[in-house]
Amino acid sequence: MGTGRRFNLLRELGSGAFGTVYLAEMESMGGFKKNVAVKLLNPELSSFSEASQRLRDEARLLGRLRHRHIVQVDDLVRLDGRWAVVMEHIEGCDLEVLLTALGAEQARVPVRASVEITRAILVALDVAFSSSTSSGEPLRVVHRDIKPSNVRLTAEGEVKVLDFGIARADFSEREAKTGRVRYGSVGYMSPERLLGEPEVAAGDVYAAACVLFELVVGEALGRAELGPEQQEEQVHKAGQQLVEAGGSQELADLLVEMLAYDPEDRPEAGPAAERLRALLREAEGADLHEFAA
């Protein structure tokens, strides 16, 4: 039970180390009903733990971010003594499920649709990093865990970036402190993140490039090589594979830039998204709306 509202948990949508997400029916005191997603802190975790702090931080952060490519949060409540984030329910599937299903049929996401998905991810990252609080305090959000399972696609072709639970951000209400622990998924981590260097937004651009490669080629790029020469060889091969899978040379060139070993050599999320928009005119295959339908 939340303040003035009742939540009826219908079924589990997914779970992680810190929390479980449920489809729930929310009913207000006036009889208004709506389906929502509820991310509930796992029962074995204390309300005073770092996991609880990060859950609350995620809710406060997403409450400040309003964009069509970012999952929307409606409230932060306590249900049966546990913290819970109330979010919009997005009908569809995440990209990991999509890629697995396509792989079983030896099919791939069309290049054009892949470019549109990646552009939406980059737009979301740009908005999150450049947004400010109501007092003008910059948020500088770094997601830190961009990967297929954290991007959701609807049947209408909408793209939503999910799970800001381990995001790094600069805002005064933040409870959890960023330490030296490396959060994220190894296969999508940039070289500097794997080496334990300071978190920067360019790491998210690298991860978005990994997603683009996986969408077009149909297989994961894999863990980044930690030597500059070895990583350059890995990235050069990735560009070739992208072209062989139907991507243009211009798209492959952008992929290589986004996967650059040094974060300073990667384009920022906003400019990279604009370059992808320009490349859409020449991209092969169905567009995202047609493919999703």
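The values are calculated or read from the model by the stated rules, or taken from the named source; none is laboratory data. Quick caveat: nothing in here was measured; it's all calculated off a predicted structure. Cβ sites come from the backbone with ideal geometry, for glycine too, and all protein chains shown count toward neighbours. Ligands, DNA and RNA are excluded from the accessible area calculation, which covers all protein heavy atoms including side chains. Shrake-Rupley method; radii C 1.70, N 1.55, O 1.52, S 1.80 Å.
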Report task. Determine whether the range 276-292 contains at least one residue that is of a type outside the set (A, V, I, L, M, F, W, C) and over 30 Å from residue 92 (Cβ atoms). Result -> no
Requested in this report: Tell me which residues, restricted to the range 183-208, are part of a helix (DSSP H, G or I) and without any contact (Cβ under 8 Å) to a residue 60 or more places away in the chain.
Outcome: 186, 187, 188, 193, 194
Query - Flag if residue 194 is surrounded by 23 or more Cβ atoms within 10 Å (Cβ to Cβ), within 26 Å of residue 162 (Cβ to Cβ) and within 20 Å of the chain's Cα centre (by Cα) - result: no
**Report entry** Sole residue being part of a loop (DSSP other than H, G, I, E, B) and hydrophobic (A, V, I, L, M, F, W, C), chosen from 255, 221
**Finding:** 221
Query raised in the report: Can residue 277 be described as open to solvent by 20 Å² or more (accessible area, probe 1.4 Å), within 26 Å of residue 101 (Cβ to Cβ) and either in a helix (DSSP H, G or I) or in contact with a helix residue (DSSP H, G or I) (Cβ under 7 Å, 6 or more places away or on another chain) (or both)?
Result: no
**Report entry** Selected residue (criterion: farthest from the chain's Cα centre (by Cα)) from residues of the range 84-95 that are part of a strand (DSSP E or B) and under 16 Å from residue 156 (Cβ atoms)
**Finding:** 88
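Each row is one residue, and each column tells you yes or no for (1) under 19 Å from residue 207 (Cβ atoms); (2) within 20 Å of the chain's Cα centre (by Cα); (3) open to solvent by less than 50 Å² (accessible area, probe 1.4 Å); (4) among the acidic types (Asp, Glu).
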| site | (1), (2), (3), (4) |
| --- | --- |
| 231 | yes, no, yes, no |
| 235 | yes, no, yes, no |
| 239 | yes, no, yes, no |
| 246 | no, no, yes, no |
| 263 | yes, yes, yes, no |
Requested in this report: Could you check, for the range 96-119, whether at least one of its residues is modelled with pLDDT under 90 and in a loop (DSSP other than H, G, I, E, B)?
Outcome: no
